[in-house]
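One structure is given here, and the rest of the page talks about it.
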Amino acid sequence: MDFCLRLKKLPPNFDVVIPFIRFEKELEKELLLANSIIHFKNFKIYLVSALSKKPIWAQDWWPQTKKIPIESKSAALKILKGQKNRGVYYQAVEVPLAASLRKDLRELKVKRIEYEVPSPFDFKYFTWTMLDNNHLLICESPVSQFPLGWHEFNEDKDSPPNRAYLKLWEVLALNYISLNKNDVAIDVGSSPGGWSWVLSEQVAQVHSIDKAPLDPKIAKRENIIYSSEDAFLVDPTKFLDCTCLFSDIICTPERLLGLVQNWLTHSEVKTFVCTIKFKGSCDFNILKEFEKIENSMIYHLYHNKNEVTWIKQES
Ligand SMILES: C[S@@+](CC[C@H](N)C(=O)[O-])C[C@H]1O[C@@H](n2cnc3c(N)ncnc32)[C@H](O)[C@@H]1O
């Protein structure tokens with residue numbers, strides 16, 4: 001069907017989903033499992049029937065997006081300037097009129113995130129895009145704290161030994177969990193120590209467990225206690241001071257689930273942040289098993305690759 005005709009035929013309200021680049025297949029499978037109808041898609045945007053929650057594999061979700069027909073540039077400007085908040089434009093298709101409109105608008109600038117726990121950023125904004133010259137697509141209440149779910153940080157290129165720390169920065173800055181200075185953390189599969197480094201600045205003590213060593217500059221931090229051990233053989237009853245567990249171990253999701261269940265049953269840990277890694281495509285059945293665990297959620301973090309992050313926090 002012709003592109004413009006397809007847009008005309010769109011219902012007046014639908015949801016916009018922005019996929020993570022390279023994970024469109026996972027998103028589509030998830031949409032299928034949620035019985036969501038895809039009205040339109042290209043590699044940068046999906047217009048779908050109403051969803052009840054943000055898909056794990058979506059970078060951003062604009063619920064209840066409105067399709068507004070426009071007759072002229074001035075009519076479009078009036079609508080955009082009439083919104084309560086500043087707008088953030090997302091380019092899914094190159095539309096010259098959108099570029100021209102943007103020159104006349106005060107937009108909310110999308111900037112790199114300054115790492116702070118939790119981030120104080122709480123600007124209200126609306127999102128918009130155009131797929132042709134005749135319609136504005138506007139969402140008044142996009143769900144992401146940071147526009148478009150674009151979680152690029154001003155990175156620390158000196159302290160951490162690798163870039164894995166960005167996953168934990170994202171979890172903490174976005175307040176997916178909160179830690180306090182009295183917490184004691186266990187970080188399993190911790191080498192070379194990016195996560196242990198982040199944790200050492202947030203909690204009292206970090207038990208850092210890996211068969212491989214830590215980077216020397218991380219190992220010498222006073223509140224990091226390293227043990228060279230197989231994480232699956234660690235006995236939770238020996239770590240009854242631990243209040244939170246972090247796992248970035250490379251292992252099958254099934255093995256990780258076993259480890260989590262062991263710690264849920266035999267420890268005092270109330271907060272979990274665990275990377276579930278896939279060898280091939282995402283196993284939605286095993287994700288359901290993780291989701292059954294009370295007070296837990298699964299995210300595909302901006303900094304996750306072919307993996308997702310299971311997070312549980314009990315108050
Ligand atoms: C992705 S890396 C972790 C990176 C780490 N989060 C960081 O920030 O530096 C995965 C780690 O899992 C460790 N690992 C794999 N199997 C393990 C096991 N059975 N016991 C302990 N560590 C294991 C590997 O040695 C590797 O260092």
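The values are calculated or read from the model by the stated rules, or taken from the named source; none is laboratory data. Source: prediction; values computed, not measured. Virtual Cβ from ideal backbone geometry, glycine too; neighbours counted across all protein chains shown.
Within the range 32-69, track down each residue that is under 15 Å from L131 (Cα atoms) and either surrounded by 20 or more Cβ atoms within 10 Å (Cβ to Cβ) or touching a Leu at 6+ places or on another chain (Cβ under 6 Å) (or both).
Within the range 32-69, H39, F40, I45, Y46, L47, V48, T65, K67, I68 meet the criteria.
Can you find even one residue in the range 246-267 that is within 26 Å of L33 (Cα to Cα), within 10 Å of the ligand (Cβ to nearest atom) and among the β-branched types (V, I, T)?
No: zero hits.
May I ask you to list the residues in the range 119-142 that are of a type outside the set (D, E), surrounded by 14 or more Cβ atoms within 10 Å (Cβ to Cβ) and more than 17 Å from K44 (Cα to Cα)?
Within the range 119-142, S119, F121, Y125, F126, N134, H135 meet the criteria.
Looking at the range 102-127, which of the residues that are of a type in the set (A, V, I, L, M, F, W, C) and within 17 Å of the chain's Cα centre (by Cα) is nearest to Q91 (Cα to Cα)?
V110
Restricted to the range 86-103, and to residues that are surrounded by 13 or more Cβ atoms within 10 Å (Cβ to Cβ) and out of contact with any helix residue (DSSP H, G or I) (no Cβ under 8 Å at 6 or more places or on another chain), which residue is nearest to K25 (Cα to Cα)?
Here the residue is A92.
Among the residues that make up the range 190-203, is at least one of them in a strand (DSSP E or B), modelled with pLDDT of 95 or more and not charged (D, E, K, R)?
No; the residues of the range 190-203 include none that is in a strand (DSSP E or B), modelled with pLDDT of 95 or more and not charged (D, E, K, R).
For the range 134-165, which positions are among the aliphatic types (A, V, I, L, M), within 16 Å of the ligand (Cβ to nearest atom) and not in a loop (DSSP other than H, G, I, E, B)?
none
What about S191, is it touching a strand residue (DSSP E or B) at 6+ places or on another chain (Cβ under 9 Å) and either hydrophobic (A, V, I, L, M, F, W, C) or buried (at least 22 other Cβ atoms within 10 Å of the Cβ) (or both)?
yes
Residue by residue through the range 228-245, note down the ones that are part of a strand (DSSP E or B) and away from the ligand (no atom under 14 Å from the Cβ).
Once the filter is applied, which keeps residues that are part of a strand (DSSP E or B) and away from the ligand (no atom under 14 Å from the Cβ), the range 228-245 yields only C244.
Considering each residue of the range 197-213, count those that are free of Cβ contacts under 8 Å to residues at least 40 places away in the same chain and under 20 Å from K157 (Cβ atoms), and give that number.
4
Between I225, I218, I298, which is of a type outside the set (D, E), in contact with a Pro (Cβ under 7 Å, 6 or more places away or on another chain) and not in a loop (DSSP other than H, G, I, E, B)?
Every option except I218 fails the conditions.
For L168, only one of the following conditions fails: (1) of a type outside the set (K, R); (2) more than 30 Å from E314 (Cα to Cα); (3) part of a helix (DSSP H, G or I). What is its number?
Every condition holds for L168 apart from (2).
Yes or no: R255 surrounded by fewer than 21 Cβ atoms within 10 Å (Cβ to Cβ) and closer than 20 Å to L172 by Cβ?
no
Do the conditions hold for P19, that is, is it at pLDDT below 95 and under 20 Å from S141 (Cα atoms)?
no
Cβ-Cβ under 6 Å, sequence separation 6+ or interchain: first residue in the range 254-274 and assigned by TED's automatic domain parsing to the domain that holds E291, partner of a type in the set (G, A, S). Which pairs?
Note: pairs meeting the criteria are C274/S247.
Take the conditions away from the ligand (no atom under 13 Å from the Cβ), polar (S, T, N, Q) and part of a loop (DSSP other than H, G, I, E, B) and apply them to S178. Does it pass?
When the stated conditions are applied, S178 passes them.
Return the only residue of A58, A92, A76 being in contact with a Lys or Arg (Cβ under 7 Å, 6 or more places away or on another chain), in contact (Cβ under 8 Å) with a residue 24 or more places away in the chain and small (G, A, S).
A92
State the number of residues belonging to the range 181-205 that are more than 9 Å from the ligand (Cβ to nearest atom) and within 25 Å of Y302 (Cα to Cα).
7
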